[in-house]
């Protein structure tokens, strides 16, 4: 009887030591929308739009969200928005979307950046209605690179990072 009690206590003690190290964190947004702001930008993550042709969440694989970026500062000349997620046990960040053809990206890159800037200057936010975020990700990063009117030759960059709680 005494040996069983010691064995049970030892097992519970070991489980209390090992269990916290096995715990993994995943990036989930308990309350949506969630927003971060700076002097220049407002970045908001919200529920994904649902509809025909849009991605749907897959339990154990990924969740879906929407993103809205708003220019709340000075007028800009060009803007680029990138989204990344991390991979556990890696320093590499993975882009959540890419360019379908490298040639197309290079040709239209400046036109798209200036068009986006005009849209943002006119008070129309950039809205990504539905994107996938891997459940194993613990960090979601939105990177904005822009040029300010009057300082065209000097790009500026700001990063908004949402992490697992």
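The values are calculated or read from the model by the stated rules, or taken from the named source; none is laboratory data. Keep in mind the model is a prediction, meaning the values are calculated, not measured. Every residue, glycine as well, gets a Cβ built from its backbone with ideal geometry; the counts of neighbours run over all protein chains shown.
Tabulated data
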item	result
So residue 118, is it touching a strand residue (DSSP E or B) at 6+ places or on another chain (Cβ under 7 Å) and at pLDDT below 95	no
Matching residues, the stretch 142-152, being in contact with a strand residue (DSSP E or B) (Cβ under 8 Å, 6 or more places away or on another chain) and surrounded by fewer than 18 Cβ atoms within 10 Å (Cβ to Cβ)	143, 145, 148, 149, 152
Residue within the stretch 137-149 that is closer than 19 Å to residue 79 by Cα and assigned to a loop (DSSP other than H, G, I, E, B) present	yes
Selected residue (only one of 102, 152, 135 is modelled with pLDDT under 90 and farther than 30 Å from residue 56 by Cβ)	152
Among the candidates 39, 35, residue that is modelled with pLDDT of 90 or more and touching a strand residue (DSSP E or B) at 6+ places or on another chain (Cβ under 8 Å)	35
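So that you can scan it fast, the table gives a plain yes or no per residue for (1) out of contact with any strand residue (DSSP E or B) (no Cβ under 9 Å at 6 or more places or on another chain); (2) surrounded by 15 or more Cβ atoms within 10 Å (Cβ to Cβ); (3) assigned to a loop (DSSP other than H, G, I, E, B); (4) modelled with pLDDT of 90 or more:
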position: 63; (1), (2), (3), (4): no, yes, no, yes
position: 85; (1), (2), (3), (4): no, yes, no, yes
position: 106; (1), (2), (3), (4): yes, no, no, no
position: 157; (1), (2), (3), (4): no, no, no, yes
